[in-house]
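Below is one structure; the comments refer to it alone.
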Amino acid sequence: MADERRFLLFSGHNDRAVVALCRFFEQARLPFVIVAAGAADAIHRTRWAERVVFNRLDQLVTVPWLRQLAGSLGGELVYCPTTEFINHFVLSHRAELAGSSLYIGLPEPAIYEQLTGKHSSQALMTSLCADLYLPGTQPEGHWQAPCVLKPHENVSQGRVLYPLLCRTDDDLQQALHGLDRAAYFAQDFVTGQSHYLCGYLARDGEFASFWQVNLMQQGGGKSIVLARPCANPGLDELNLFQGLRARGYHGAFMLEVIASRGRLYYIEVNPRFWGPLQLALDVCPDILRLFARDQGFDTPTITAQRPENACYAWAYGAHQPGGVVHPAGQAISLQERERLLSVHDVYARDDTWALQACH
């Protein structure tokens, strides 16, 4: 055990992706350990509580702490990219972490930051995908609702910044209160059907991917709470992944587009594992197999567990105030949506029963 390479998961952020990764590692019989966000972390109420090797007392991440953590556990720890904040930190301090027992398989910082940045990614993505359109950008000093205020950089002054959806003038005025306007830009609010392209691009150019249509979402553009796999809405995936590799990218990849009036509008890219990752394990586990292979692990072929009538659901998130039902979800009756949320809840499995309907 002392010399064993193990995956390292940080829980307490992006919890549903962490759960999906735990299920994959367990199914593929890959070794892993977890750093929890304190004693109250929900991971302690799952089957993987015994995998917790450290409970953090705060959100602070430092180079000495990471080096000490990795060194104290023996062997080598392989970092799993589930949180934007820690991704940004380890990439920013990669040179200082070199020589430690922490393996960071992320791409070079320049391409990662270009992709994850709400502003910088626009030119890159539209250069790779001729079939993508950008929402109109509003001029500085003349922002008007409905619009979306997007941060130029995802991480600023030690905290993660998120887009602010402003459907009304009141929403916009509330968002602007105390806002550092220089850190944001405004784009027209595009209404339509949200889709995710979920995939993994390996170092050797092989990739695995699938599309999901988003049925329901938390308010404010936050987490997807109900989704299904779907057909490609019209994007040249091969050209996209080949273009990303040519620019030096490899790794997890989630692209959001909105289909509106016959066009696909680019919204954002997450170059890390995403919240509804369970759907990848259910219908396209090669995404996770390629990730493990890229980190140097031999992984058996994993058979999709629930390819028929597959669905991702997060029931607790769906029942919070302010949720949005997307057009594809509106085509389903309320009774059917509730059934899907109950039957397919990401926590409605024997390894996470204690979290069902309450997390």
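The values are calculated or read from the model by the stated rules, or taken from the named source; none is laboratory data. The model shown is predicted, which means the values in this text are computed figures rather than measured ones. Quick reminder, even Gly has a Cβ in these numbers, built from the backbone with ideal geometry, and neighbours come from all protein chains shown. Side chains are part of the model used for accessible areas, which takes the heavy atoms of the whole protein and leaves out ligands, DNA and RNA. Shrake-Rupley method; radii C 1.70, N 1.55, O 1.52, S 1.80 Å.
Annotations for the structure displayed:
- Qualifying residue in segment 246-262 (condition: more than 25 Å from Lys118 (Cβ to Cβ) and part of a strand (DSSP E or B)): no
- Number of the exception - Arg23 against (1) modelled with pLDDT under 95; (2) closer than 21 Å to His359 by Cα: (1)
- Flag: Gly243 does not match the condition of being part of a loop (DSSP other than H, G, I, E, B), at pLDDT 95 or above and not polar (S, T, N, Q).
- Restricting attention to segment 68-122, the residues that are part of a helix (DSSP H, G or I) and open to solvent by 20 Å² or more (accessible area, probe 1.4 Å) add up to 16.
- Residue check for Leu102: closer than 30 Å to Leu255 by Cβ, touching a Pro at 6+ places or on another chain (Cβ under 7 Å) and either at pLDDT 95 or above or not polar (S, T, N, Q) (or both): no
- Subset of segment 317-356 (residues that are more than 19 Å from Arg23 (Cα to Cα), surrounded by 13 or more Cβ atoms within 10 Å (Cβ to Cβ) and either in contact with an Asp or Glu (Cβ under 8 Å, 6 or more places away or on another chain) or among the charged types (D, E, K, R) (or both)): Arg337, Glu338, Arg339
- Considering segment 123-147, the residues that are open to solvent by less than 20 Å² (accessible area, probe 1.4 Å) and not in a loop (DSSP other than H, G, I, E, B) include one that is nearest to Pro233 (Cα to Cα), namely Leu132.
- Of all residues in segment 220-234, those that are more than 14 Å from Asn309 (Cα to Cα) have Cβ atoms under 7 Å from Cβ atoms of residues that are of a type in the set (Asp, Glu), 6 or more apart or on another chain, in Gly234/Asp131.
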